[in-house]
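Asker: Got a structure here, written out as structure tokens. Questions coming.
The values are calculated or read from the model by the stated rules, or taken from the named source; none is laboratory data. The structure presented is a predicted model; accordingly, all values stated were derived computationally and were not measured. Because the Cβ atoms are built from the backbone with ideal geometry, glycine has one as well, and the counts that use them run over all protein chains shown. We work out accessible area using only protein heavy atoms, side chains counted, and drop any ligands, DNA or RNA first. Shrake-Rupley method; radii C 1.70, N 1.55, O 1.52, S 1.80 Å.
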Amino acid sequence: MTANLYTLFESRFPSDRSRPFLWVGGGNAVSYAEAEAESARLAHVLAGHGLRPGDRVAVQVEKSPRALFLYLACLRAGLVYLPLNSAYQQGEVGYFLDNAEPRAVVGQPKAMSWLEPLALERGITNCFSMDEHGEGSLALAARSAPGHFATVERSPDDLAAILYTSGTTGRSKGAMISHRNLASNASVLHAHWGFKPGDVLIHMLPLFHVHGLFVACHCVLMNGSAMRFHAKFDAARAIAEFATSSVFMGVPTFYTRLLAEPSLTPNACASMRLFVSGSAPLLAETHREFSARTGHRILERYGMTETGMLTSNPLEGDRRPGTVGLPLPGTQVRVVDESGQACAAGDIGSIQVKGDNVLSGYWRMPEKNKEEFTSDGYFKTGDMGMFSPDGYLSIVGRSKDLIITGGYNVYPKEVELVIDEMPGVMESAVVGVPHRDFGEAVTAVVVPKTGTKLAEAEVIAWVKGRLANFKVPKRAHIVPDLPRNAMGKVQKNVLRDRFSAPDH
Ligand code: MLC
Ligand code: AMP
């Protein structure tokens with residue numbers, strides 16, 4: 001039997017394909033029949049341009065129903081889907097094209113002036129456009145294609161997607177995600193979170209990362225039910241839709257923004273059955289406040305691009321604020337000390353994981369695979385945590401130098417490399433400081449070259465022109481030197497403390 005993930009989804013679609021899959025805009029329904037037909041047409045276009053199973057398709061588009069159907073089309077044609085954050089700029093995208101060597105690129109019409117030459121320089125001749133309504137050259141080509149497509153057979157270890165995650169060296173790594181990885185996590189989450197007929201999920205997350213695509217969309221596809229599909233997060237709109245929905249998923253910033261809305265009341269949430277949070281730490285205080293305001297206890301879960309979801313607070317039972325719950329069925333999670341020995345409950349160590357959901361490795365980086373896996377096959381998450389005596393995991397920090405801002409990951413090294421290239425800069429350090437809205441804020445500390453004057457606004461503008469907007473420092477502090485320890489290493493904790501103070 002084929003292990004193509006799309007075939008699994010298809011087996012769960014409602015028998016009446018006229019049932020809604022997406023509710024968009026002012027309440028227009030897109031049916032399962034339309035999703036099947038449009039994904040078939042897009043698959044025909046890609047296959048018709050000579051793309052063969054295993055070829056990569058890089059996609060940097062705004063969220064729209066057709067963007068989601070393009071993902072399904074890639075699965076159906078056996079292509080490897082490579083989603084890119086729509087905020088990435090030219091330099092960032094160039095690296096992904098070099099590394100992944102896709103056979104086709106789909107981008108926003110406004111980006112075509114640089115994306116097309118970038119692709120052509122690399123010999124990628126299949127370049128399509130897709131705007132925020134899903135229109136563009138790809139949609140145009142699909143118009144005359146047949147609405148049926150024979151989904152290509154795949155084996156469990158064949159790749160379904162490559163998702164890039166930045167690295168501590170500033171160099172992004174492509175996590176190779178197989179059909180098995182996605183199918184196992186989708187099945188587990190669908191069962192674990194008690195999805196049932198008639199559930200309606202409000203979808204306000206981006207489609208180019210694990211949370212919005214693999215967690216939220218896969219649960220709905222496995223359930224054959226509908227989602228209210230929005231281009232982006234809007235707190236007031238979400239609250240207005242709670243009355244006719246049942247499940248909501250978001251990053252912690254979504255929850256703090258919901259709490260800021262006076263319309264968030266127990267009455268507004270009366271028909272909701274589940275609120276899920278993840279991608280960044282949810283403050284226990286936010287959990288408690290949400291529960292007091294709405295009567296709902298947020299279910300916090302923990303995962304990674306490389307591994308899918310790993311742990312979850314229970315659907316039935318104690319959802320404990322400040323913890324990410326228990327290992328999901330089929331996932332082995334351990335906390336180990338520096339010598340690799342399992343830590344006792346209550347002791348802090350490194351979190352390592354194993355299971356069908358865990359990636360097989362990084363694209364064309366065999367040396368990273370050696371570093372990131374243990375000899376007995378566990379993946380090193382780079383997160384630090386501890387288990388309670390009854391098995392709840394708490395994340396207490398990260399061994400990787402990573403900032404999570406509004407649910408997006410920023411590796412300081414990447415931002416430091418860009419700042420260090422600025423004329424007049426001697427060196428820089430980038431740290432995350434607590435932020436009310438985004439959880440953490442990217443903050444730069446910059447040392448000018450002797451005799452050079454630098455202004456904060458210039459540093460910020462320099463990064464803005466070169467990196468995705470969420471990586472741009474919210475503040476850039478100009479200092480005469482950086483604090484260093486006896487080994488000469490920059491003391492980021494000192495900078496974090498200094499620039500977290502309220503007067504900064
Ligand atoms: C936007 N901005 C951010 C930001 N998002 N700054 C820091 N961090 C962020 N996350 C900045 C923009 O650069 C812009 O700055 C200004 O905020 C307004 O931009 P916007 O687009 O209007 O922002 P908004 O729509 O309010 O977006 C905020 C947000 C969004 C929180 C809704 O970032 C979001 O949807 N985050 C979800 C990320 C996510 O899906 N993560 C899952 C990863 S998967 P300026 O200066 O230009 O005005 C994963 C695995 C797992 O981690 O476990 O799930
Ligand atoms: P990403 O690479 O975008 O998939 O981000 C994965 C990282 O997000 C993890 O390694 C954690 O550091 C963090 N993360 C995800 N969920 C949670 C959570 N519930 N609490 C704390 N950190 C989380």
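Asker: Only residues that are touching a Ser or Thr at 6+ places or on another chain (Cβ under 8 Å), open to solvent by less than 20 Å² (accessible area, probe 1.4 Å) and not in a helix (DSSP H, G or I): list them for segment 201-230, please.
Answerer: L201, I202
Asker: Determine whether G94 is of a type in the set (G, A, S) and open to solvent by 10 Å² or more (accessible area, probe 1.4 Å).
Answerer: Numbers: of a type in the set (G, A, S): yes; open to solvent by 10 Å² or more (accessible area, probe 1.4 Å): no.
So G94 fails the test.
Asker: Sticking with this structure for a sec: Can we say V335 is over 30 Å from N99 (Cβ atoms), in contact with a Gly (Cβ under 6 Å, 6 or more places away or on another chain) and not small (G, A, S)? It would help to see each step written out before you state the result.
Answerer: Values: over 30 Å from N99 (Cβ atoms): yes; in contact with a Gly (Cβ under 6 Å, 6 or more places away or on another chain): yes; not small (G, A, S): yes.
The answer is yes for V335.
Asker: Shifting gears a bit: Scan segment 27-43 and tell me whether some residue there is in a loop (DSSP other than H, G, I, E, B), in contact with an Asp or Glu (Cβ under 8 Å, 6 or more places away or on another chain) and either more than 21 Å from L97 (Cα to Cα) or of a type in the set (V, I, T) (or both). Reasoning before the result, please.
Answerer: Looking only at segment 27-43, we keep the residues that are in a loop (DSSP other than H, G, I, E, B), and these are 27.
When the remaining residues are screened for being in contact with an Asp or Glu (Cβ under 8 Å, 6 or more places away or on another chain), the result is none.
Among the residues of segment 27-43, not one is in a loop (DSSP other than H, G, I, E, B), in contact with an Asp or Glu (Cβ under 8 Å, 6 or more places away or on another chain) and either more than 21 Å from L97 (Cα to Cα) or of a type in the set (V, I, T) (or both), which makes the answer no.
Asker: For residues in segment 400-440 being near ligand 2 (Cβ under 10 Å from one of its atoms) and open to solvent by 30 Å² or more (accessible area, probe 1.4 Å), which is nearest to A345 (Cα to Cα)?
Answerer: K400
Asker: Hey, another quick one. Of all the residues that make up segment 86-110, how many are over 17 Å from F128 (Cα atoms) and part of a loop (DSSP other than H, G, I, E, B)?
Answerer: Summing the residues that are over 17 Å from F128 (Cα atoms) and part of a loop (DSSP other than H, G, I, E, B) in segment 86-110 gives 3.
Asker: Could you please let me know if E153 is under 23 Å from V215 (Cα atoms), assigned to a loop (DSSP other than H, G, I, E, B) and open to solvent by 20 Å² or more (accessible area, probe 1.4 Å)? Before the answer, list the steps.
Answerer: Numbers: under 23 Å from V215 (Cα atoms): no; assigned to a loop (DSSP other than H, G, I, E, B): yes; open to solvent by 20 Å² or more (accessible area, probe 1.4 Å): yes.
When the stated conditions are applied, E153 does not pass them.
Yes/no matrix, rows are residues, columns are (1) aliphatic (A, V, I, L, M); (2) touching a residue at least 12 places away in the same chain (Cβ under 8 Å); (3) in the same structural domain as V445 (by TED's automatic domain parsing):
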{"site": "V463", "(1), (2), (3)": "yes, yes, yes"}
{"site": "R466", "(1), (2), (3)": "no, yes, yes"}
{"site": "F470", "(1), (2), (3)": "no, yes, yes"}
{"site": "A476", "(1), (2), (3)": "yes, yes, yes"}
{"site": "L482", "(1), (2), (3)": "yes, yes, yes"}
{"site": "A486", "(1), (2), (3)": "yes, no, yes"}
{"site": "K489", "(1), (2), (3)": "no, no, yes"}
{"site": "K492", "(1), (2), (3)": "no, yes, yes"}
{"site": "L495", "(1), (2), (3)": "yes, yes, yes"}
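Asker: Oh, and also: Please count how many residues of segment 491-504 are surrounded by 17 or more Cβ atoms within 10 Å (Cβ to Cβ) and either part of a loop (DSSP other than H, G, I, E, B) or of a type in the set (A, V, I, L, M, F, W, C) (or both).
Answerer: 2
Asker: Filtering segment 226-243 down to residues that are over 18 Å from the mean Cα position of the chain (by Cα) and in contact (Cβ under 8 Å) with a residue 60 or more places away in the chain, which residue is farthest from L72 (Cα to Cα)?
Answerer: Here the residue is R228.
Asker: What tally of residues in segment 26-46 results from selecting those that are modelled with pLDDT of 95 or more and open to solvent by 30 Å² or more (accessible area, probe 1.4 Å)?
Answerer: 6
Asker: Would you confirm whether or not segment 241-253 contains a residue that is among the polar types (S, T, N, Q), away from ligand 1 (no atom under 16 Å from the Cβ) and either surrounded by 16 or more Cβ atoms within 10 Å (Cβ to Cβ) or within 27 Å of M176 (Cβ to Cβ) (or both)?
Answerer: Checked segment 241-253: at least one residue is among the polar types (S, T, N, Q), away from ligand 1 (no atom under 16 Å from the Cβ) and either surrounded by 16 or more Cβ atoms within 10 Å (Cβ to Cβ) or within 27 Å of M176 (Cβ to Cβ) (or both).
Asker: Which one of these is open to solvent by 10 Å² or more (accessible area, probe 1.4 Å) and touching a residue at least 60 places away in the same chain (Cβ under 8 Å): P146, P109?
Answerer: P146
Asker: If we keep just the residues of segment 381-399 that are surrounded by 17 or more Cβ atoms within 10 Å (Cβ to Cβ) and among the hydrophobic types (A, V, I, L, M, F, W, C), which is nearest to ligand 2 (Cβ to nearest atom)?
Answerer: Restricting to residues being surrounded by 17 or more Cβ atoms within 10 Å (Cβ to Cβ) and among the hydrophobic types (A, V, I, L, M, F, W, C), the top hit is I395.
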